[in-house]
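Structure below; questions to follow.
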Amino acid sequence: MIRREEILVLGLTAGVVGCLVGGTMLAIGLGLAVQGANIGWLLALPAAPVSGLLGYGFARRLARRVDPAA
């Protein structure tokens, strides 16, 4: 059974790590794109999905710890 504090920690961790990673990718990518380097779009465009995938990975890890068969 997943406890409330585990869900709270999961949400906080996913939010903070996702924000840091996604925000950093977005900032560096847009900075490069504004300066004319088209390679910056390769960082800016997948920033949101990458940060979401981190949260998904944290949730799967918590679910695996609770139910080892999953």
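The values are calculated or read from the model by the stated rules, or taken from the named source; none is laboratory data. On a predicted model such as this, the values are computed, not experimentally measured, just so you know. Cβ sites come from the backbone with ideal geometry, for glycine too, and all protein chains shown count toward neighbours. The area values use the complete protein model at the heavy-atom level, side chains included, leaving out ligands, DNA and RNA. Shrake-Rupley method; radii C 1.70, N 1.55, O 1.52, S 1.80 Å.
Could you tell me whether any residue of the range 25-43 is open to solvent by 90 Å² or more (accessible area, probe 1.4 Å), under 24 Å from VAL66 (Cβ atoms) and not basic (Lys, Arg)?
Looking for residues that are open to solvent by 90 Å² or more (accessible area, probe 1.4 Å), under 24 Å from VAL66 (Cβ atoms) and not basic (Lys, Arg), one finds none in the range 25-43, hence no.
To continue, here is another question. Would you check which residues across the range 50-62 are among the small types (Gly, Ala, Ser) and in contact (Cβ under 8 Å) with a residue 40 or more places away in the chain and list them?
So in the range 50-62, the residues among the small types (Gly, Ala, Ser) come out as 51-52, 55, 57, 59.
Passing the criteria: GLY55, ALA59.
While we're here: List the residue pairs whose Cβ atoms are under 6 Å apart, where the first residue sits in the range 4-30 and is over 18 Å from TYR56 (Cβ atoms), the second is surrounded by 13 or more Cβ atoms within 10 Å (Cβ to Cβ), and the two are 6 or more positions apart or on different chains.
LEU26/ALA44; LEU26/ALA47; ILE28/LEU43; GLY29/GLY40; GLY29/LEU43; GLY29/ALA44; LEU30/ALA44
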